[in-house]
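Rule-based calculations on the coordinates, nothing more; no lab input. Worth saying up front: this structure is predicted, and the values here are computed from it rather than measured. Cβ coordinates were reconstructed from backbone atoms using ideal geometry, including for glycine residues, and neighbour counts include every protein chain displayed.
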Amino acid sequence: QGPIYILALESSCDDTAAAVLQDTTVLSNVVARQHIHEEYGGVVPELASRAHQQNIVPVVDVALKKAGITREQLHAIAFTQGPGLMGSLLVGTSFAKSMAMGLNIPLLAVNHMHAHILAHFITEEGYDIPEFPFLALTISGGHTQIVQVNDFFDLKVIGETTDDAVGEAFDKSAKILGLPYPGGPLIDQWAKEGNPKRFPFTRPKVDGLNFSFSGLKTQILYFIQKNTAINSNFIEENKADICASIQHIIIAILMEKLEMAVAQTGISQIAIGGGVSANSGIRQALVEARTQKGWKTFIPKFEYTTDNAAMIGIVGYYRYLNQHYASRDVVAKARIPF
Ligand code: KG4
Ligand code: ZN
């Protein structure tokens, strides 16, 4: 039997993405980003759905062309079933169903958060693959979870946010500072030149392995309001230090909970995923943990951290091997557990 070719689609939020995998190797990974949301300071669901509708056919065409694969060579189609914005998910789901039906090949339904984790199993030169069991820290604009991964399809959420996601903490803090959406990467940029100890923010008290970020956002808002009342140029004069201090507290919160998770489970292999794992501070903290804490840490290639279809394809591949095919009446789900 020759290689398995899978076309994967991702349309859960504001990026329309398609990828082609040959077994665990990515042949193409195409993303059409929607910049329309920047002027609104956040993703506008209605606009996102319309843009997916417009982009999905060209994105799939480019992915196939770049991979050098024809539709007829495909073995299956994988798509994001959820979680995400319903209107966005419906575009990818309907497209995947129709194409699978037209080609008469299996359909593979993928959980977006599962994909952020299994992205580590993509074959990529210079990147190691974790061994089971390991802990996954999934940090994105919609999620903050610590997941114990025992096998490809045996995952248990052992900690999660009780309110905002860590990406929202970055983006909302950036908004308070007058930075455009999504502000996470901009805080990261500014933080590089700042002093992380200059403005000490306090950690929220949350039991166990759970997180809370809404209190931090309020703390930052009051801090900025208080200081700009005294000096109207406070933000401009201290932007790098403010960003470094915000990033510092967020990373301290994440690392503290990871340490607790390691102590609790006895597992010291840590893999990160999701858009916020592109953050240079968290990447550095995980690299340092290798020597300082003796952890084995896995940091994905940049293009597999933010939303992409290659990660949907790798879950699709393992589902295909296990014949976990979705029925043709499968529906998109805004919320979906593992
Ligand atoms: O995984 P993702 O692309 O989409 C979701 O599923 O949410 O994550 C997007 C989130 C946004 O909140 C964005 O600000 C954040 O990831 N992000 C970052 C960085 N790059 C992306 N946050 C901090 N530092 C970064 N370098
Ligand atoms: Zn994501």
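General remarks:
- Our coupling estimate for region 144-156, obtained by passing each phi through the Karplus curve with A = 6.51, B = -1.76, C = 1.60 and θ = phi - 60°, is 8, 9, 10, 10, 8, 9, 8, 6, 3, 10, 10, 10, 10 Hz, Gly and Pro reported as x.
- Ordering PHE199, SER140, PHE170 by the projection of their Cα atoms onto the charge dipole of region 131-299, which places +1 on the Cβ of Lys and Arg and -1 on the Cβ of Asp and Glu, puts PHE199 at the extreme positive end.
- Longest site-free stretch - the chain; sites: GluC sites (Glu not before Pro), DSSP loop, at most 10 other Cβ within 10 Å: 132-338
- Which listed pairs, of LYS257/LYS333; LYS293/LYS333; LYS172/LYS197, have C-alpha distances above 32 Å, in listed order: LYS293/LYS333
- Note on ARG50/GLN323: beta-carbon distance plugged into 1/(1 + (r/R0)^6) with R0 of 51 Å gives a FRET efficiency of 0.90.
- For SER28, residues with placed amide H under 5 Å, excluding near neighbours: VAL20
- Note, ³J(HN,Hα) from phi for region 31-37, Karplus 6.51, -1.76, 1.60, rounded to Hz, x at Gly and Pro: 10, 9, 7, 9, 8, 4, 6
- The three principal axes of the Cα atoms in region 169-259 give end-to-end lengths of 40, 25, 24 Å, sorted in falling order.
- Integer Hz, Karplus 6.51/-1.76/1.60 couplings in order for region 194-211, x for Gly and Pro: x, 9, x, 9, 4, 10, x, 8, 9, 7, x, 8, 9, 5, x, 9, 7, 10
- Taking the convex hull of Cα positions in the chain, its mean projected area over all directions (nm²): 17.1 nm²
- Each DSSP beta bridge with both residues in the chain is either parallel or antiparallel, and the antiparallel ones are about 60%.
- For PHE211, distant residues with modelled amide H under 5 Å away: GLU160, THR161, THR162
- Cleavage-rule hits (trypsin sites (Lys or Arg not before Pro)) in region 111-203: DSSP loop, at most 11 neighbouring Cβ within 10 angstrom: LYS197
- Within the shell of other residues whose beta carbon sits under 14 angstrom from the beta carbon of GLY41, the net charge comes to -3, with Lys and Arg scored +1 and Asp and Glu -1.
- 222 nm mean residue ellipticity, helices alone, for the chain (DSSP H n ≥ 4; -39,500 (n - 2.57); rounded to 500): -14000 deg cm²/dmol
- Count Lys and Arg as plus one, Asp and Glu as minus one, and take only other residues whose Cβ is under 14 Å from that of LYS205; the net charge is then -1.
- Cα centroids of region 262-295 and region 14-87: 29 Å apart.
- Cα principal axis extents for region 131-299, largest first, Å: 53, 30, 25
- Taking a straight Cα-Cα cut-off under 24 Å and skipping sequence neighbours fewer than 8 places away in the same chain, the lysines within cross-link reach of LYS65 are LYS97, LYS301.
- Between amide H atoms placed 1.01 Å from N, distances below 5 Å from ALA78 occur with LEU7, ALA8, LEU9, LEU108, all of them 5 or more places distant or on a separate chain.
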